[in-house]
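These notes are about the structure you will find just below.
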Amino acid sequence: MSSITQATKLLADAKSLIQQNKIADAGKILAQLKIHLTELTFLIPSSKSVDNKELLLCREILETGVQWSIKAQDIPAFERYISQLKTYYSDYSSILPPSPLVYPLLGLNLLRLLSQNRISDFHTELEQIQPDQLSNKFIKHPVEIEQCLMEGSYNKVWNSRASCPGDEYLFFFDILMGTIRDEIASCSEKTYQNLPLSDAATLLYLKSTDEVKAFAEERGWIVKPDEKKIYFVGADNDASEIPTAKVIRQTLGYARELERIVRTTKSSWIIGNPDSVDFPEKIRNLYHLILINPNPIAQLKSTPIPTKFSASNLIEMSKVVIVGGSNAGLNVLNELITKSAKAKIKLEITLIEKRSHYQHTYGMVRGVVDEEFSKQTWVSFSNYFSDSGPGKGHNFVQGEVSAVYEKKVVLADGKEIEFDYLVYATGSLIPAPYRPIALNPEDGLKENSEYTSKFASAKRIAFIGGGPISVETVGEIKERFPDKEITIITATEYLLGAKVGGTVDPKPAKTLQDKLTKLGVKVITNEKVDIAALGLDKEGQALYEGEKTIQTSKGEIISDLQVVAVGGYKPISGPIKTLGDVLDSRGFVKVKATLQLESESHSHIFSLGDVAATGATKMGMSIMGQSPVVSDNIIALITKKPLKLYDSNGGMKGMMVTLGKTDGITYMHFFGGITVGGWMVRNTKGPDFMMGRIKSLLAVK
């Protein structure tokens, strides 16, 4: 039976079980259908060779998955299915007939984003919908709800439940009402000392006083049945603790600046006519209050401050220090600049990096054998921090941090830099030649020239360790010197340790080994080498020159150049130890799911990447999931909003391993694990190890 026939039958079974409300059984069948999807036109199909019948079947399977996830109340599954469906609703809309479920499901997705308070994502999705379809009842409903939310018309939101275009919408609608209820509860705690139970039920959109009591218990409120009231525990003194003198100084500063502007302008805003209709109302009021008042200090002190005014409105410039200018630090820097501008928050960011330039460590597997390419791995920060660059107004400091304290870092030269928020992203120790010892490109290129000459002159090279560094370096050598005799020796059963992207799967390792064998590379597995006995265990050194004989169960391996790539990751965490108990037993920085340090007293300090104990694999792909959490949470702390959590088990898991510019493997851990061949490598990582992205990020043309 063909795969498409089997998939069609399974799909019919899944739909039948969903109609019978046998959700668990339907889920098992959908899991089987995911495997069938890999055999159909599903994974990155090409419109030139697609089978429309397969595309329609794939689309229907994903639509059924969305419907099942609502029944199962599985929001992560809903997100996965709907994100995969978008390709079929947009990219293939010209070759597939429209689906009757397209707008019901897109409307559901919009409501889901509202229920998660992801307003910016809501508008991003809305922009992708054709304007003429905004009147569609499935799209119109969540759009109207969003408008009510922006107005604060929660009563209209509550009443719109009756007009939900389908029963499946009620799942996300009730979650949305829960979010609204929590927001109202938080405001009530700050506004009232107590409330009658009946009023609380109305305010919180609850149907009975029993529901109010249950909700109050969840919030930790005190319920007094004899008084028929609830009492809010604690008080927010934020609005009462106004720094009066500071407010006065700032206001007078604004007034002086206003006076300077008014006196120098050539427009109708003249000092003699503040009541002109062209004079902005707020500036006119400030003028009357301060500039023409004989005693502005007394006037300000005697003027009541509006109740809506609180200390939280006075958001000043926050100082952020990022320690480490490699991949993790650079991502956080760029995201903070972008997000703070959108949030209208003033930040002064200082990036501290011991090297004068960004050094693209990922590309050094090619740089150690290709001297010309190694020049590209050094990229200056000067364009980024120039007056025309994205980092304008922020700072770059070349230096090495020797100690971290509560509100400052100390550099090796004794210089101190203060911060309100710190991002510790120093990475891990990578031995030379893969991370140069040099601190500038001039010295780095001289250093690398020695390594490239050693690889060029060697005849027999032994790689001890079968991880990505070894495999990718071998691929680069074979592309330039195909006749060199190369052996990889690994202590594990498979290359890469078979732990790829945080998951154990031997398939990609076997594929790599087959490719290496075709290149003439000898791969020896399950063989541990005593590097100390061979004198190959110097700290910070991976490359050794001189003839060595390595005894293995498969015979002697004689080499005149050895590359040692074993030992795992050693975090650069020494400087942060001055904060106290912040490291785990292996030396990694202990962080919470918010990527803040575990200690509550250090909640303004974040860590990510190789140096942090995040639970994720130490790979660039992991950093792509961590840096948005760090940048979002710094903004959230400043604006006093809820923090986001990093899920080390979430997101895409996998890796890309190159064998030169045009070959290698890409492994993606979904649907049981999928290995893609060299075509993806040569179209992404292979040509330049993502140097194009780095240069774009650093504003280098």
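The values are calculated or read from the model by the stated rules, or taken from the named source; none is laboratory data. Model, not experiment: these values are computed from the prediction. Positions of Cβ are generated from backbone atoms using ideal geometry, with glycine treated the same way; all protein chains shown enter the neighbour counts. Side chains included, ligands, DNA and RNA excluded: accessible areas come from the protein's heavy atoms. Shrake-Rupley method; radii C 1.70, N 1.55, O 1.52, S 1.80 Å.
Here are some notes:
- With DNA, RNA and ligands ignored, accessible area of ILE437 (1.4 Å probe; Å², nearest 10): 120
- GluC sites (Glu not before Pro) restricted to segment 375-447 and DSSP loop, no more than 16 other C-beta within 10 Å: GLU400, GLU406
- Where labels lie 7 Å past Cα in the beta-carbon direction, separation of THR251 and SER83 in nm: 4.9
- Accessible area of segment 132-217 belonging to carbon and sulfur atoms, whole % at 1.4 Å probe: 48
- Accessible surface ranking that places the most exposed of TRP221, TRP158, TRP679 first, with a 1.4 angstrom probe: TRP679, TRP158, TRP221
- Potential lengthening between SER453 and THR639 on full extension [0.36 nm per residue; Cα-Cα distance subtracted]: 61.5 nm
- Local electrostatic count at THR658 - Lys and Arg +1, Asp and Glu -1, tallied over other residues with Cβ under 10 Å: 0
- Solvent-accessible ranking of ASP581, ASP74, largest area first, probe 1.4 Å: ASP581, ASP74
- Shape of segment 422-537, Cα gyration tensor, a/c cut at 1.5: oblate
- A DSSP coil position with no more than 14 other Cβ atoms inside 10 Å describes the following trypsin sites (Lys or Arg not before Pro) in segment 545-612: LYS554, ARG586.
- SER208 contributes about 40 Å² of solvent-accessible surface, heavy atoms of the protein only, 1.4 Å probe.
- Computed E for ASN440/ILE184 - FRET, C-beta separation, R0 60 angstrom, nearest 0.05: 0.55
- Gained length - SER160 relative to LYS207, 0.36 nm times residue gap less alpha-carbon distance: 15.3 nm
- Restricting the GluC sites (Glu not before Pro) of segment 531-631 to loop positions (DSSP other than H, G, I, E, B) with no more than 13 neighbouring Cβ atoms within 10 Å leaves GLU539.
- Most to least accessible of LYS207, LYS685 (protein chains only, probe 1.4 Å): LYS207, LYS685
- Summed over the residues of segment 397-441 and divided among them, the accessible surface reaches 44 Å² per residue at a probe radius of 1.4 Å.
- Added length on full extension, which subtracts the Cα-Cα distance from 0.36 nm per residue, ASP74 to SER198: 41.2 nm
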